[in-house]
Amino acid sequence: MARDRRLQRLRREELLQILLELEEENEQLTNENIRLKKLLDEREIALADAGNLAEAALSLSGIFEAAQEAADIYLHNVEQLCAQQTGKADRGDERS
């Protein structure tokens with residue numbers, strides 16, 4: 001209420017000056033709001049990308065595990081084949 005009385009006592013020029021200052025402050029706050037929203041959007045995109053990267057890493061992890069398993073099976077088969085070939089060669093040497 002005291003504020004209303006103070007405003008009523010002000011002259012028109014003073015009221016207009018206050019109005020201009022409030023408009024400038026409003027414009028600054030609006031611009032700041034826009035800037036912060038853009039910054040927030042960029043961070044949200046970065047977080048989403050980080051989530052996508054994490055998902056991709058997990059997916060690649062599965063691919064690497066499957067590749068390692070395939071490599072282990074291949075190596076095991078090669079070792080068995082070498083053992084068989086060595087066994088045949090040893091039996092062939094014994095016959096000679």
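No lab work stands behind these numbers, since they all come straight from the coordinates. This one's a predicted model, so the numbers in the text were calculated from it and none came from an experiment. Neighbour counts are summed over all protein chains in view; Cβ atoms, including those assigned to glycine, are modelled from backbone coordinates with ideal geometry.
Taking only the range 1-18 into account, find how many residues are part of a helix (DSSP H, G or I) and either among the aromatic types (Phe, Trp, Tyr) or surrounded by 10 or more Cβ atoms within 10 Å (Cβ to Cβ) (or both).
The number of residues fulfilling the criteria is 6.
Suppose the filter is of a type in the set (D, E, K, R), within 17 Å of the chain's Cα centre (by Cα) and more than 30 Å from Asp4 (Cβ to Cβ); does Glu44 pass it?
yes
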